[in-house]
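Take a look at the structure set out below.
Bear in mind that the values in this text are calculations on the coordinates, not laboratory data. What you are looking at is a predicted structure, and each value in this text was computed from that prediction instead of being measured. Cβ placement follows ideal geometry from the backbone for every residue including glycine, while neighbour counts extend to all protein chains displayed.
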Amino acid sequence: MALRFSCNTKISPQHHARVNSRSKNCLQTVKSLVNSIRLPHISSTPLESLQQGNWVKLICGASFEDVVDIKNLSLVYTLAGVDCIDCAADASVVSAVNEGIEAARDIKDLRRPWLMISVNDDKDLHFRKAEFDPEECPENCSRPCEVVCPANAISFEGKTSHMTGVITERCYGCGRCFPVCPYDKIREVAYVRDAITTADLMKRDDVDAIEIHTSGRQTTLFKELWDALGDSVRHVRLIAVSLPNGGDSTLSSMNEMFSIMKPRLQSFNLWQLDGRPMSGDIGRGATRESIAFAVQLATAKDRPPGFLQLAGGTNAHTINGLEKEGLFQTTSITNHSYDATSTNSSNALIAGVAYGGYARKIVGRVLRSLQSQHGGTACIEDHPAYLLQALKEALALVGTVKLV
Ligand code: SF4
Ligand code: SF4
């Protein structure tokens, strides 16, 4: 096997040669360190994980495009045993994810997680960026925007006339900076991913799945996107639809979308239940809405075919919440608070969990420390102590699903 243990992301050829040589020297050190901790024994394919109810997806963020972080996150979470890595539908981001996956597989002989790209059919919280001109900011502003940003996407470094403001590739559109600006300087810039570019990405061998974010309120735009993707949908193994809880109309929307997809649906399909979008890093309270959404769908008798997976508010408390509802790795609901419901399928009622903001936050702390010591393009595999620390953080989360 060719040695791929090197970091190419945004690095000059000279730097790359230095890193490559250093990487070869520390590969054995990294392998030994990684072998010294308990990693989940992953023998199941991603599809089997979905069927068994222990599927874990890392969400890099539909709008997050910092390729250095994305490569490092993908490396760490591949080692931790995730089944899928979900990222922006952008060629350079896809390459960064693949680079991280392959660097992890050079360290340990692991099966490859699926790579999923995320797109939207209309305006969506996940597909927007914040924007402001730092030169318009009053000098005496205490900069609450910088403090509240969970992605370190706001910076005032540089000379006064060249201050950065929002670092576009790091902003993932969480919206927390908008209400805190006392001078109303921050604007929202929404966008929709281009269907033609997306269709081309789906034909790549290293892209396994697509996720369509939709409001579920009306299906016209969903159908337009589905039609525009054409035959590319036949090239992937999994089609996911991510939707918020629309209350009573959720099931009818899902059934309508399924009937739109059905004629060209040759792969497996999944419903991502986006409980409270982009809130998993806020705390325990955020978990409740995603669990409530899971209960609502798992107990519905007329839902369309497809795996059910939680997102939006997911964090280290999520599996505990599912267990309390009798919904973790089970094919039927036995909790006394519901009518006994069983399906004719041997698949788990809830296929698994996707972790976004919380997953990025716990490993991001290590990445920020790494970068402050070794520069913004530092590759985590070149710094074994940081890699070990990041891996332990990732395992504390992924292990709630995989180490049971
Ligand atoms: S707070 Fe959220 S929306 Fe604002 S810059 Fe940071 S990531 Fe972007
Ligand atoms: S809070 Fe508003 S005015 Fe203050 S620095 Fe941030 S964007 Fe500028």
Counting only residues that are within 15 Å of ligand 2 (Cβ to nearest atom) and of a type in the set (Lys, Arg), which one in the stretch 116-158 is surrounded by the most Cβ atoms within 10 Å (Cβ to Cβ)?
-> Lys129
Taking the stretch 85-99 as the region of interest, how many residues are out of contact with any helix residue (DSSP H, G or I) (no Cβ under 6 Å at 6 or more places or on another chain) and part of a strand (DSSP E or B)?
-> 2
Residue check: is Ala190 touching a residue at least 24 places away in the same chain (Cβ under 8 Å) and away from ligand 1 (no atom under 16 Å from the Cβ)?
-> no
Could you tell me whether Glu65 is assigned to a helix (DSSP H, G or I), crowded, with 21+ Cβ neighbours inside 10 Å and among the acidic types (Asp, Glu)?
-> no
Would you tally the residues in the stretch 292-332 being within 20 Å of Thr214 (Cα to Cα) and among the β-branched types (Val, Ile, Thr)?
-> 1
Any idea which residue in the stretch 246-258 is surrounded by the most Cβ atoms within 10 Å (Cβ to Cβ), counting only those that are of a type in the set (Gly, Ala, Ser) and touching a residue at least 12 places away in the same chain (Cβ under 8 Å)?
-> Ser253
